[in-house]
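In what follows, a single structure is set out as structure tokens and then discussed.
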Amino acid sequence: MPLNKLDPSKLNSWKELKAQFDKEKFLTIEKLMEERGRLKNFSVEWEGLFLDFTKNRISQSTLNVLIKLCHESDLKNNIECYFNGDVINETEKRSVLHTALRSQKNESEEIDKVVNDIRQKIINIADKVINGDKTGYTGKKFTDVVNIGIGGSHLGQEMVVEGLSPFSQNIKTHFVSNIDPDYTAKVLEKLNPETTLFIIVSKSFNTIETIKNANKIKDWFIGKTNVKNIQDHFIAVSNNISAPKDFGVDANNILPIPEWVGGRFSLWGSAGLIIAITLGSENYRQLLNGANSMDKHFRESDFEKNIPVLLALISIWYNNFFKCETEAIIPYSELLNKLPGYLQQASMESNGKGTDRNNQKVNYETGGIIWGATGTNAQHSFFQLLHQGTKLIPCDFIAFQNPLSEDAEQHKILTANFLAQTNALMSGNKAKESYKNIQGNKPSNSLFINSLTPYNLGMLIALYENKIFTVGSILNIFSFDQWGVELGKSIAKGILDGNTDSLDDSTKNLLTRYKKGK
Ligand code: F6P
């Protein structure tokens, strides 16, 4: 079944939300805190992941209408279509089944077989690299692994590998994504071809940045060794089997990305090979299990106690009624410094759409702007604007109850800062001098998680993926295509091919300057 095509702005609940907004837009969070049962009704826990969303400009009656919006937009049915593998990516005529990659048992035996084959291949390679059964061409153990890929073929993997680096199995990781010759050269400088494994990740195997980088690295490798050694040192991850073969990758070293896995959701399958190699297969399994557990929570919980659904509703509320254009992600873990960037692609490439599922221009706000940085660093950069600026920016604070290291004292300071900031944003500070006055009433969600383990990070990523699905589902847009990015790619190709007639004057002038400067 396709997703339903209901215009949210025509639903009764949407109209009621407008009325709620007019009635309650000046209510303070401090006042709302006095509502009976606020702490209980505005918090949820799932397996040690605790969401407190009390500090929001949302009353119990507004929350009730937001939940009604889920029912009226038939979210339940859409969630089932998503997990059942229905063709919900209609514009590309594909199912969306990245959730199957982290599941032990799927509805379809055929999907199960594909998933198990992929998982087994990943685990085999990871185990062999770690225990030294798979070595470089001189028989030495691999010391370095390089992921060559961009966008969804890069961001999630790098975020996870760095986020879980305390679990690393003593292998260095590198990521080459941008088509920047200076950066690629810098990475290569550090590498020994004898002990480096290269993974080319590209669903299409046609992305110019990735293919150019892969060719450059291949030339470097051949220059230092011999073409026949490519078979031991290059792995390809793709939906395209012939192009990696033509590139020279051994057929046994090509891992598939099924068509039903979108690039920005691909870290759970073959594209996550570097994760399994760095963390080891047991930690990799834990990551998948955590994500699967969050899927279960999302699919089975009532909307009132459903973490991804609640976060989606809160986003829709601020974006559409308070007209907040952005939301910030603030992890209180330096290891998660890549999380905001990863979520930027996951969310903005998914829900940055202006046409609805009926092919009509939308008359409401869709995906917001996602940005952020780690606390406490962010406190010393952009928090001033959050506290006293003229913009209302809802924030997700993500913090961990326990550190992975022994240093409880430092963790106490980190945690105190997380708690202090959410409190300061909400309560502000009355001062005599107006420049010292901090108005408060700034909303935030707190995600307080046991510790940053593979399992818990799996839950956290799946939480946001499912939030993104929910936002798109309710707002009646197609979240799993990305037609907007294609135009720039084809114009760049035209420029490289010398087809510049259709360019505007400004762009032609810049091109002329570039050519003169060479
Ligand atoms: O830039 C858009 C995009 O298609 C992303 O969605 C994708 O993750 C990335 O390019 C890389 O694509 P590929 O894996 O095919 O190289």
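When the residues of the stretch 406-444 are filtered to those that are within 30 Å of the chain's Cα centre (by Cα) and among the polar types (S, T, N, Q), the one that is surrounded by the fewest Cβ atoms within 10 Å (Cβ to Cβ) is GLN410. Which residues, taken from the stretch 445-465, are assigned to a loop (DSSP other than H, G, I, E, B) and under 18 Å from the mean Cα position of the chain (by Cα)? Scanning the stretch 445-465 gives LEU452, THR453. Go through the residues of the stretch 220-231 one by one and say whether even a single one is touching a residue at least 12 places away in the same chain (Cβ under 8 Å) and within 25 Å of GLY488 (Cα to Cα). Checking the stretch 220-231: not a single residue is touching a residue at least 12 places away in the same chain (Cβ under 8 Å) and within 25 Å of GLY488 (Cα to Cα). Of all residue pairs spaced 6 or more apart or on separate chains, those with beta-carbon atoms under 6 Å, a first member in the stretch 259-277 that is in contact (Cβ under 8 Å) with a residue 40 or more places away in the chain and a second member that is within 12 Å of the ligand (Cβ to nearest atom) and among the aromatic types (Phe, Trp, Tyr) are GLY262/PHE480. Scoring VAL227 on the criteria (1) more than 16 Å from the ligand (Cβ to nearest atom); (2) closer than 19 Å to LEU273 by Cβ leaves a single failure, condition (2).
Using the structure shown, decide if ILE230 is closer than 27 Å to ASP117 by Cβ, at pLDDT 95 or above and surrounded by fewer than 20 Cβ atoms within 10 Å (Cβ to Cβ).
Yes: the conditions hold for ILE230.
Determine whether PHE448 is among the hydrophobic types (A, V, I, L, M, F, W, C) and surrounded by fewer than 22 Cβ atoms within 10 Å (Cβ to Cβ). So PHE448 fits the description; yes. Just a yes or no: is a residue in the stretch 392-413 modelled with pLDDT under 95, in a helix (DSSP H, G or I) and farther than 27 Å from GLY163 by Cβ? Checking the stretch 392-413: not a single residue is modelled with pLDDT under 95, in a helix (DSSP H, G or I) and farther than 27 Å from GLY163 by Cβ. Taking the stretch 63-101 as the range and being in contact with a Lys or Arg (Cβ under 7 Å, 6 or more places away or on another chain) and assigned to a helix (DSSP H, G or I) as the test, the residues that pass are ILE79, PHE83. Among the residues here, TYR464 qualifies as surrounded by 13 or more Cβ atoms within 10 Å (Cβ to Cβ) and aromatic (Phe, Trp, Tyr). Could you say whether any residue in the stretch 241-249 is under 24 Å from the mean Cα position of the chain (by Cα) and more than 12 Å from the ligand (Cβ to nearest atom)? No, the stretch 241-249 contains no residue that is under 24 Å from the mean Cα position of the chain (by Cα) and more than 12 Å from the ligand (Cβ to nearest atom).
Beta carbons closer than 6 Å, at least 6 apart along the sequence or on distinct chains, pair a first residue in the stretch 199-216 that is in contact (Cβ under 8 Å) with a residue 60 or more places away in the chain with a second that is near the ligand (Cβ under 6 Å from one of its atoms) and among the polar types (S, T, N, Q) for VAL201/SER153; THR210/SER202.
Summed over the stretch 466-495, residues that are more than 14 Å from the ligand (Cβ to nearest atom) and either in contact (Cβ under 8 Å) with a residue 24 or more places away in the chain or outside any helix (DSSP H, G or I) (or both) total 11. Within the set VAL160, VAL187, VAL114, VAL129, the sole residue that is within 16 Å of the ligand (Cβ to nearest atom), among the β-branched types (Val, Ile, Thr) and in contact (Cβ under 8 Å) with a residue 12 or more places away in the chain turns out to be VAL160. Note on the stretch 195-211: residues that are touching a Gly at 6+ places or on another chain (Cβ under 6 Å) and more than 9 Å from the ligand (Cβ to nearest atom) amount to 1. For the stretch 269-292, the criterion of being in a helix (DSSP H, G or I), within 16 Å of the ligand (Cβ to nearest atom) and surrounded by fewer than 24 Cβ atoms within 10 Å (Cβ to Cβ) is satisfied by no residue at all. With respect to LYS338, is the statement that it is under 21 Å from GLN482 (Cβ atoms), among the basic types (Lys, Arg) and in contact with a Ser or Thr (Cβ under 9 Å, 6 or more places away or on another chain) true? Spelling it out, it is not the case that LYS338 is under 21 Å from GLN482 (Cβ atoms), among the basic types (Lys, Arg) and in contact with a Ser or Thr (Cβ under 9 Å, 6 or more places away or on another chain). Of all residues in the stretch 488-505, exactly one satisfies the criterion of being within 35 Å of the chain's Cα centre (by Cα) and more than 23 Å from GLU209 (Cα to Cα), namely ASP504.
Rundown of residues vs (1) out of contact with any Leu (no Cβ under 9 Å at 6 or more places or on another chain); (2) not small (Gly, Ala, Ser), yes/no style:
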{"site": "ILE79", "(1), (2)": "yes, yes"}
{"site": "VAL87", "(1), (2)": "yes, yes"}
{"site": "THR99", "(1), (2)": "yes, yes"}
{"site": "GLY136", "(1), (2)": "no, no"}
{"site": "GLY151", "(1), (2)": "yes, no"}
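The values are calculated or read from the model by the stated rules, or taken from the named source; none is laboratory data. Fair warning: this is a prediction, and the values are worked out from it, not measured in the lab. Neighbour counts are summed over all protein chains in view; Cβ atoms, including those assigned to glycine, are modelled from backbone coordinates with ideal geometry.
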